[in-house]
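One structure is given below, encoded as C-alpha cells.
Derivation of every value follows stated rules applied to the coordinates shown; laboratory data play no part. This one's a predicted model, so the numbers in the text were calculated from it and none came from an experiment. Neighbour counts run over all protein chains shown; Cβ positions are idealised from the backbone, glycine included.
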Amino acid sequence: MLGQISQISLEQFTALLSNAWKRRISSVHIHHTWKPRAGQWKGKTTVEAMRRVHMQDNGWSDIAQHLTIGPDGTLWTGRHLDRVPASARGFNGTAAEGPLMIEMVGDFDAGQDQFGGAQAQAAFQATAAICQAFGLQVSALRFHREFNPEKSCQGTGIDLAAFRQSVAL
C-alpha cells in the first residue's frame, strides 16, 4: 500500500510498519501543508493534488511524505517507506537510514487552522506506532522548522514538547 495513495486505518498502518523494510527509520519528521488549509480538504483528491504539485512543480520523484493525515483524522499512504522523503534539505537521510515523514493537512500557525480533535488523535497514535515499531524515543520526533528556521512548519500554534508528550502517553 505504501507508494500509492490509499486511505488506511491505524491498524493497517501499524501492521505495515511491522514489515521488513530496507531503510532503518531513525526519526519522524512532522510537517503541516500550510496550503492546502483544513477547509480545502477533499480526501484522496487533495493527496493526489499534492503528489502532482510535488512531482510537476517541485520536480521530485514522488509525493514528499510517507503518510498524510487529513483534518478528519484519516490516514493516507504516500511515498514508499523504503524511499527517502523530501522532508528537509540535508536531513532526508539515505537509502539505508533516515526519517519517516508525516504531512498533516492544515495551516497550524497561530490564528489559522486549529490542531485538535480527530486529526491530533490520529497524529499522536500514528506517531506512537512509528516510535514503537522502530524503537524510537519521542526525542526522535522533529518539526520541519528545526531544520529550517525560516519555516514555521509544523506551525507556530503547535508546541513540540506538548506534541512529544501526547505521543508518549
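Spin-label pair Ala110-Thr94: with each label point 7 Å from Cα along the Cα-Cβ axis, the two points sit 4.1 nm from one another. Once the gyration tensor of the Cα atoms in the chain is diagonalised, the equivalent ellipsoid follows with semi-axes of 20, 19, 17 Å, ordered largest first. Taking only C-alpha pairs under 8 Å that are 6+ residues apart, what is the relative contact order of the chain in percent? Result for the chain is 31 percent. Counted over the chain, the DSSP beta bridges are approximately 25% antiparallel. With the charge dipole of the range 66-169 set up from +1 on Lys and Arg Cβ and -1 on Asp and Glu Cβ about the Cα centre, the Cα lying farthest toward the positive end among the listed residues Ala86, Gly135, Ala162 is that of Gly135. As a calculated quantity, the FRET efficiency between Gln7 and Ala161 at R0 = 35 Å, using C-beta atoms, amounts to about 0.70.
Over the C-alpha atoms of the range 104-169, the Rg to Rh ratio, Rh being the Kirkwood estimate, stands at 0.96.
Determine the gain in length on full extension of the stretch Glu146-Ala20; use 0.36 nm per residue of separation and subtract their C-alpha separation, reporting nm with one decimal. Write out the running numbers ahead of the final one.
Details: separation 126, 0.36 × 126 = 45.36 nm, distance 2.96 nm.
Computed gain between Glu146 and Ala20 is 42.4 nm.
Distance between the pseudo-spin-label points of Asn58 and Lys42 (7 Å out from Cα toward the beta carbon): 2.0 nm.
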